[in-house]
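Below is one structure, written out as structure tokens; comments come after it.
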Amino acid sequence: MREGLHKIVSSDETIAAISTPLGRSGIGVVRMSGREAAAITSRLFKSNAPNSVLEHRKAQVGAWMSVTGEEIDEVVVTLFRGPESYTGEDVVEISGHGNPFILSRIVESIRIAGARIAAPGEFTLRSVAHGKMDLIQAEAVREFIDAQTEQQARTALRQMEGTVSKRIRPHKDKLVDVIARLEAGIDFAEDDVDVPDNAAVVKAITLISAGLASLKDTFGYGRILAEGLRLAILGKPNVGKSSLFNRLVSADRAIVTEVPGTTRDVLTETVNMDGVPLRFADTAGVRETEDRIESIGVTRTGGARWLAGA
């Protein structure tokens, strides 16, 4: 698989992108990765320290310049030499002020200097291609970023560190060994290399399958933990749906009155229950009504039922 990724990922191209979320903040980070990352940085970065040179894992303060020599921002630049970097290539991280306009100007200056804008997820793709992580760890990066609860973050962090990969690797190695023996017996039959008999192959695969079955049993809970549960509260008008919703989310979120049909839209709220995110939906009461607005709410209740998987 890694060989295939190397065909997709060109080490001749240097990529750059804003790594922090869009919005205004004290600090924003631009990341650059590739063969020319250090050279582009040397061209556009002017350190406050005279005669300084970029060094591995050493942060430097200075000014980031445009290709025409105009100062864009005061920044902190850190170089990570490959393979000791996130992508396995030379990586430069530029920490500037978290103004989207300024960060975009920094990225544009890098593009003009010879890099290109990174595609979504391309830094992690390069990390996989250069053997810094596998696909399971790469997926865990996204889950860690999207985590809404402490349990989600803790589980994703363990996967990023290779917990699941280490459990799968022995089974993969055994399966590759079976395949190698079969292929050797077929390709080198004239050299008296025997093909393993069917019983031996079945026994080996059965043992591999049994080992993977125990891992498969954890998938259901892992999926619930990663994606959460969606629960719609359904029923007739004035049976306490909104009161229950408010109680579950511990907030006065929905209007509660004795008048039937008070809830006319789908209200949603997410709560953390033992580390699992639960998204509750309060819905309009299900009944026949001549009220145009309430009827729209009843229609949306059907959508909420589908959303919850009912």
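The values are calculated or read from the model by the stated rules, or taken from the named source; none is laboratory data. In this text, all values refer to a predicted model and were calculated from it rather than measured experimentally. Backbone-built Cβ (ideal geometry, glycine too); neighbour counts: all protein chains shown.
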If you scan the stretch 65-87, which residues turn out to be of a type outside the set (A, V, I, L, M, F, W, C) and farther than 17 Å from ALA115 by Cα?
GLY69, GLU70, GLU71, ASP73, GLU74, THR78, ARG81, GLY82, PRO83, GLU84, SER85, TYR86
When you check ILE94 against the structure, is it at pLDDT 95 or above, part of a helix (DSSP H, G or I) and either of a type in the set (A, V, I, L, M, F, W, C) or surrounded by fewer than 18 Cβ atoms within 10 Å (Cβ to Cβ) (or both), yes or no?
no
Restricting to the stretch 231-280, count the residues that are free of Cβ contacts under 8 Å to residues at least 60 places away in the same chain and in contact with a Pro (Cβ under 6 Å, 6 or more places away or on another chain).
4
Would you please name the residue that is nearest to ALA281 (Cα to Cα), looking only at residues in the stretch 211-254 that are modelled with pLDDT of 80 or more and of a type in the set (Ser, Thr, Tyr)?
SER242
Members of the stretch 46-89 found to be within 13 Å of ILE106 (Cα to Cα), without any contact (Cβ under 8 Å) to a residue 40 or more places away in the chain and not in a loop (DSSP other than H, G, I, E, B), listed by number:
ALA63, GLU71, ILE72, ASP73, GLU74, VAL75, VAL76, VAL77
Can you say whether SER85 is buried (at least 18 other Cβ atoms within 10 Å of the Cβ), hydroxyl-bearing (Ser, Thr, Tyr) and either over 27 Å from the mean Cα position of the chain (by Cα) or closer than 28 Å to GLY131 by Cα (or both), as far as the supplied structure shows?
yes
Could you check the stretch 159-275 for helices (runs of 4 or more DSSP H) lying wholly inside it with 3 or more residues that are over 28 Å from the mean Cα position of the chain (by Cα) and surrounded by 11 or more Cβ atoms within 10 Å (Cβ to Cβ)?
163-187, 198-216, 241-249
